[in-house]
1. When you look at Ser154, is it assigned to a loop (DSSP other than H, G, I, E, B), open to solvent by less than 70 Å² (accessible area, probe 1.4 Å) and of a type outside the set (A, V, I, L, M), yes or no?
2. Residues in the stretch 157-168 that are over 12 Å from Val111 (Cβ atoms) and surrounded by fewer than 16 Cβ atoms within 10 Å (Cβ to Cβ): how many?
3. Can you tell me how many residues within the stretch 11-35 are at pLDDT 70 or above, under 17 Å from Asp68 (Cβ atoms) and not in a strand (DSSP E or B)?
4. Look at the stretch 126-151 and say how many of its residues are in a loop (DSSP other than H, G, I, E, B) and surrounded by fewer than 17 Cβ atoms within 10 Å (Cβ to Cβ).
5. So how many residues does the stretch 55-109 have that are in contact with a strand residue (DSSP E or B) (Cβ under 6 Å, 6 or more places away or on another chain), among the acidic types (Asp, Glu) and either closer than 30 Å to Ser174 by Cα or in a strand (DSSP E or B) (or both)?
6. Does Asp136 satisfy the condition of being of a type in the set (D, E, K, R), modelled with pLDDT of 90 or more and in contact with a Phe, Trp or Tyr (Cβ under 9 Å, 6 or more places away or on another chain)?
7. Taking the stretch 65-85 only, how many residues are modelled with pLDDT of 90 or more and open to solvent by 30 Å² or more (accessible area, probe 1.4 Å)?
8. List the pairs whose first member sits in the stretch 120-133 and is more than 17 Å from Asp95 (Cβ to Cβ), whose second member is basic (Lys, Arg), and whose Cβ atoms are under 8 Å apart, counting only residues at least 6 apart or on separate chains?
Amino acid sequence: TWTVEAQNINDPSANGVSSGVKEVTLQVKTPSGEWSDVNTKNYDGSAVSFEYSPSTNGDYSFRTVAADNVNNQESVSGADATVTYDTQSPSVTVDSPSTKVYRQSGGAVEVDFTYSESNPEEADVSIGSSSETVTDLSSGTDQTETVTLDNLPSAGSTYDVTVEMTDQADNSGSDTVG
């Protein structure tokens, strides 16, 4: 649930004559793209708070509309604020290597992974205790990334390969080969 607060509400007027603000309506534009009234509250001169609970992932735009005591309505266009609601974890798959990594002396390992995420924040790629964080990630479906790890743990051992991705809403998803 989000709380939306309207402050500094202007009195809509007709022909320059004001009659005082009577009420304020919160409108929301859902991911489907339609504006609708959420709630209307009487205005007493102080800030007005509304609560709103999004139902699906996506961008929600909000605006408030004031009406005065003789039913003039404030002229509005666009949004006062837009917020992204995201409860979906990133989908990530390690493509290569396809088995655990056996570390021999020297060399580096390339890790290829595919992900789907609208708002990626970062991906942590790790082999044993060695890791690399990638932050320059593209949004979308079936995005690919390659990371080279050279500071690998000691030779002569086998290590899992893990990619853990976090999005901007702190949802995370991971895949491990091991």
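1. No, not satisfied.
2. Residues in the stretch 157-168 being over 12 Å from Val111 (Cβ atoms) and surrounded by fewer than 16 Cβ atoms within 10 Å (Cβ to Cβ): 3 in total.
3. 2
4. 7
5. Final tally of qualifying residues: 3.
6. Values: of a type in the set (D, E, K, R): yes; modelled with pLDDT of 90 or more: yes; in contact with a Phe, Trp or Tyr (Cβ under 9 Å, 6 or more places away or on another chain): no.
So Asp136 does not fit the description; no.
7. Residues in the stretch 65-85 being modelled with pLDDT of 90 or more and open to solvent by 30 Å² or more (accessible area, probe 1.4 Å): 8 in total.
8. Close Cβ pairs satisfying both conditions: Gly128/Arg103.
The values are calculated or read from the model by the stated rules, or taken from the named source; none is laboratory data. Note that this is a predicted model, so its numbers are computed, not measured. Ideal geometry is used to build each Cβ from the backbone, glycine not excepted, and the neighbour counts take in all protein chains shown. What goes into the accessible areas is simple: the full protein's heavy atoms, side chains included, and nothing from ligands, DNA or RNA. Shrake-Rupley method; radii C 1.70, N 1.55, O 1.52, S 1.80 Å.
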